[in-house]
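Some notes on the structure that comes next.
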Amino acid sequence: MKKFVMAAIGGTVAGVVLTTQLAAPLIAQENARNANVYEQLDLFGDIFERVRGQYVEEVDSKELIEAAINGMLTSLDPHSGYLAPKDFDDMQVQTRGEFGGLGIEVTQEEGFVKVVSPIDDTPADEAGIEAGDFITHVNGESVLGLQLDAAVDMMRGPVGSEIIITVVRKDVAEPFDVSIIRDTIKLTAVRSRVVGDTVVLRVTTFNDQTFSGLEENLKKSIDELGGMENVNGFVVDLRNNPGGLLTQAIRVSDAFLDKGEIVSTRGREASDSERINATAGDLAMGKPIVVLINGGSASASEIVAGALQDHRRAIVVGTRSFGKGSVQTVIPLRGEGAMRLTTARYYTPSGRSIQALGVMPDIVVNQPRPDPDAEAAPEEETSAARRQTTEADLRGTLSNDSMSEDERKLLEEERARTEEAAKLRDEDYQLAYAVDILRGLQAVAQ
């Protein structure tokens with residue numbers, strides 16, 4: 001027993017010695033790191049004082065410090081940054097759905113401003129700005145090398161004022177100028193339309209209005225068709241939707257799912273990770289869904305598309321999405337400003353990270369570009385050319401005596417729907433493709 005106690009004590013003493021031997025180098029390393037940080041902060045202080053005292057022109061100390069903070073944050077990734085009080089206010093207004101500007105969501109790539117997507121029915125959209133465009137100059141002044149926030153500031157201005165931006169576009173040989181009149185941007189988060197027996201839900205952004213707008217428009221369109229039994233499916237159009245609030249993306253995904261994971265976020269520490277699951281209740285009541293995406297579908301749009309795709313709840317159609325798979329947390333700071341900091345990556349239910357990869361559609365469908373050199377034919381000439389001669393057009397043709405009046409009426413209605421679908425293909429090929437998929441699924445199910 002005495003030997004056992006002595007062995008235990010000896011083990012304890014050895015443990016204390018071992019712990020001391022291991023801890024000493026770790027403490028030394030931590031102290032060295034801290035000393036290095038303090039040296040760097042001293043260096044920053046020296047440079048700050050030199051600039052403030054010796055720069056060729058007098059500078060504002062507050063602006064210098066804000067620029068240093070912003071430089072630190074923007075060096076991390078394109079989506080982190082400092083929000084001065086005015087910018088913070090603008091961001092809060094934007095998430096509520098109304099703000100002033102051109103109506104484009106932008107990021108930075110290779111030193112230039114890159115358009116993630118134009119927002120529907122805004123000055124930029126009406127001027128023909130496209131997802132993937134690079135903005136190289138604003139009113140003749142280059143934006144190369146500017147911080148993104150500084151470049152965005154150059155594009156801001158009074159409502160009604162003109163701005164000329166120089167655009168570089170893929171497959172267009174030369175840069176070209178676009179004149180845009182600034183306006184107040186009022187975002188309608190969700191709009192709907194009925195195409196045949198299909199309900200099309202156009203989701204333009206994820207702000208405070210998105211989920212309520214989705215519910216309202218979905219119900220309105222179902223009522224227009226006379227009830228869910230007359231609906232063959234839904235198209236959720238997320239093209240050129242730059243994203244927005246993560247909470248709204250979760251609610252929109254949950255609207256079409258009964259159970260299962262919607263999205264997971266993984267931060268630097270395991271404790272920062274989170275998994276969000278769907279709750280019971282499918283607003284579409286199990287009807288087929290097609291989700292439309294393109295290169296302008298980013299962030300929150302990709303969460304919705306990825307969740308519905310992984311659960312086989314929707315067929316995703318279009319082209320590969322933008323690939324923004326990170327989560328930014330807005331942290332208020334003293335002085336009424338804030339910092340936007342990337343704090344996590346998000347993953348689809350199957351564990352896919354969308355970051356820099358995007359969501360790949362189940363069916364890739366490119367949107368044909370209109371031919372700018374093609375002369376517009378008169379409407380009468382176009383419709384006449386589209387309509388082919390049939391047996392019914394021949395003089396003295398026999399009538400069809402096997403059809404009742406009701407059957408004839410149904411045939412005419414089907415013909416009208418077919419002609420409407422053909423017209424839609426000229427207007428929006430990707431949307432027409434989505435509607436055709438739902439029509440095909442309905443035919444197979446019958």
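The values are calculated or read from the model by the stated rules, or taken from the named source; none is laboratory data. What you are looking at is a predicted structure, and each value in this text was computed from that prediction instead of being measured. Note: ideal-geometry Cβ built from the backbone for every residue, glycine included; neighbour counts use all protein chains shown. For the accessible areas, the whole protein counts, side chains as well, though only heavy atoms, and no ligand, DNA or RNA atoms are used. Shrake-Rupley method; radii C 1.70, N 1.55, O 1.52, S 1.80 Å.
Only one residue in V231, V235, V263, V252 is aliphatic (A, V, I, L, M), over 30 Å from M91 (Cα atoms) and either touching a Gly at 6+ places or on another chain (Cβ under 7 Å) or open to solvent by less than 50 Å² (accessible area, probe 1.4 Å) (or both). Which one? It would help to see each step written out before you state the result.
On the way: V235 fails: over 30 Å from M91 (Cα atoms); V263 fails: over 30 Å from M91 (Cα atoms); V252 fails: over 30 Å from M91 (Cα atoms).
Criteria check complete, one pass: V231.
For the range 225-245, the criterion of being among the basic types (K, R), closer than 25 Å to G128 by Cβ and either in a helix (DSSP H, G or I) or touching a Leu at 6+ places or on another chain (Cβ under 9 Å) (or both) is met by at least one residue. It is to be established whether one or more residues within the range 170-180 are surrounded by 13 or more Cβ atoms within 10 Å (Cβ to Cβ), among the hydroxyl-bearing types (S, T, Y) and over 23 Å from A84 (Cβ atoms). No, the range 170-180 contains no residue that is surrounded by 13 or more Cβ atoms within 10 Å (Cβ to Cβ), among the hydroxyl-bearing types (S, T, Y) and over 23 Å from A84 (Cβ atoms). For the structure I just gave you, tell me whether A278 is touching a helix residue (DSSP H, G or I) at 6+ places or on another chain (Cβ under 7 Å), open to solvent by 10 Å² or more (accessible area, probe 1.4 Å) and modelled with pLDDT of 95 or more. In short, yes. Taking the range 72-157 as the region of interest, the strands (runs of 3 or more DSSP E) fully inside it that hold 2 or more residues being among the small types (G, A, S) and within 21 Å of the chain's Cα centre (by Cα) are 98-101.
Check whether at least one residue in the range 205-215 is surrounded by 13 or more Cβ atoms within 10 Å (Cβ to Cβ) and assigned to a strand (DSSP E or B), and report yes or no. Can you show your working first?
Of all residues in the range 205-215, those surrounded by 13 or more Cβ atoms within 10 Å (Cβ to Cβ) come to 205-215.
Then drop every residue that is not assigned to a strand (DSSP E or B), which leaves 206.
The answer is yes; a qualifying residue exists.
For the range 283-358, the strands (runs of 3 or more DSSP E) that sit wholly inside it and include 1 or more residues that are touching a Ser or Thr at 6+ places or on another chain (Cβ under 9 Å) and free of Cβ contacts under 8 Å to residues at least 24 places away in the same chain are 326-332.
Name the residue that is surrounded by the most Cβ atoms within 10 Å (Cβ to Cβ), counting only residues in the range 119-155 that are closer than 22 Å to D77 by Cα and touching a residue at least 60 places away in the same chain (Cβ under 8 Å). Among those residues, the one meeting the criterion is A131.
Can you name the residue in the range 185-200 that is open to solvent by 60 Å² or more (accessible area, probe 1.4 Å) and under 21 Å from the mean Cα position of the chain (by Cα) and, of all such residues, is modelled with the lowest pLDDT? Quick ask: steps written out before the conclusion?
Here is the first cut: in the range 185-200, the ones open to solvent by 60 Å² or more (accessible area, probe 1.4 Å) are 186, 188, 191, 193.
Now restrict to residues that are under 21 Å from the mean Cα position of the chain (by Cα): 186, 188, 191.
Numbers: K186: 78, T188: 88, R191: 95.
Out of the qualifying residues, it is K186.
G244 satisfies every condition listed in (1) touching a strand residue (DSSP E or B) at 6+ places or on another chain (Cβ under 6 Å); (2) closer than 28 Å to V365 by Cα; (3) open to solvent by 80 Å² or more (accessible area, probe 1.4 Å) except (3). I'm trying to understand the selection: among the residues of the range 315-330, which are more than 10 Å from the chain's Cα centre (by Cα) and open to solvent by 10 Å² or more (accessible area, probe 1.4 Å)? I315, T319, R320, S326, V327, Q328, T329, V330 - these are the residues of the range 315-330 that are more than 10 Å from the chain's Cα centre (by Cα) and open to solvent by 10 Å² or more (accessible area, probe 1.4 Å).
Taking the conditions exactly as written (of a type outside the set (D, E), closer than 19 Å to P349 by Cβ and at pLDDT 95 or above), does F256 satisfy them or not? When the stated conditions are applied, F256 passes them.
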